[in-house]
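Structure record follows, encoded as structure tokens.
The values are calculated or read from the model by the stated rules, or taken from the named source; none is laboratory data. This one's a predicted model, so the numbers in the text were calculated from it and none came from an experiment. Glycine also receives a Cβ, built like all others from the backbone with ideal geometry; neighbour counts cover every protein chain displayed.
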Amino acid sequence: MKDTQEIYFSLDIETDGQIPGEYSMLSFGCAAFMADDQRANSYKLLDTFYANLETLPHAKENPGTMAFWEKNKQAYDLTRTDQQNPYGAMRDYVKWVNKVCADNNAKPVCVCYPAGFDWTFFYWYLIKFANESPFSFSCLDIKSFAMAKLGTKYRETTKRNFPKSWFPDAKHTHHALDDAIEQGLIFCNILNWDGNKK
């Protein structure tokens, strides 16, 4: 029986608080990666999706989160351009995931860092505004996966302790699409890691 191909949808979000509903998701970016069967341990970026969202009615802003954005004002301002209604954006996103998978005859897997934050927000938005999730309930947490690969304790599994070979030549910008691509490349490098490279 032939193994089912998987596409890894690296997701990153930006918000104005800690929990969905009470606070809003400002923007999200997603980068779809797939194994290249013609080359061992090689992955390719298939496509990307990005949207800035209108804030939720009656939601508020968390002071601590907004203090962070004050220090990163350019990145924040980018989240407030070309805002979309969440209903349209989330439904367009589901259609995009389904099309990428159909075009490549593959199943979707969502990956986040950390899944406990990004996936919590994103799943809430998917069910609230699209009434479905192309990933079902599941999301792969990159930190937990790195813990298993490295054989380290969870709290020791931090980016500063990752092998240098895992990091792409990309800057973390706090723009959701930039960070989704960077994070996806890190995930692919972890997936391909043989344990010998530093």
Thr152 vs. criteria in contact with a helix residue (DSSP H, G or I) (Cβ under 8 Å, 6 or more places away or on another chain) and either under 18 Å from Phe28 (Cα atoms) or in a loop (DSSP other than H, G, I, E, B) (or both) | yes
With the checklist (1) under 17 Å from Phe9 (Cβ atoms); (2) part of a helix (DSSP H, G or I); (3) modelled with pLDDT of 95 or more in hand, flag the one item Phe129 doesn't pass.
-> (1)
Are there any pairs, at least 6 apart or on different chains, whose C-beta atoms fall under 8 Å, with the first in segment 9-22 and touching a residue at least 40 places away in the same chain (Cβ under 8 Å) and the second surrounded by fewer than 20 Cβ atoms within 10 Å (Cβ to Cβ) and in a strand (DSSP E or B), and if so, which?
-> Phe9/Pro108; Phe9/Val109; Thr15/Tyr23; Asp16/Tyr23; Gly17/Tyr23
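Give the number of residues within segment 155-177 that are in a loop (DSSP other than H, G, I, E, B) and either without any contact (Cβ under 8 Å) to a residue 12 or more places away in the chain or of a type outside the set (A, V, I, L, M) (or both).
Quick first cut of segment 155-177, residues in a loop (DSSP other than H, G, I, E, B) only: 157-158, 162-163, 167-175.
Now restrict to residues that are either without any contact (Cβ under 8 Å) to a residue 12 or more places away in the chain or of a type outside the set (A, V, I, L, M) (or both): 157-158, 162-163, 167-169, 171-175.
Residues in segment 155-177 being in a loop (DSSP other than H, G, I, E, B) and either without any contact (Cβ under 8 Å) to a residue 12 or more places away in the chain or of a type outside the set (A, V, I, L, M) (or both): 12 in total.
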Top-ranked residue in segment 85-100 [being in contact (Cβ under 8 Å) with a residue 40 or more places away in the chain and out of contact with any Cys (no Cβ under 9 Å at 6 or more places or on another chain); ranked as surrounded by the most Cβ atoms within 10 Å (Cβ to Cβ)] = Met90
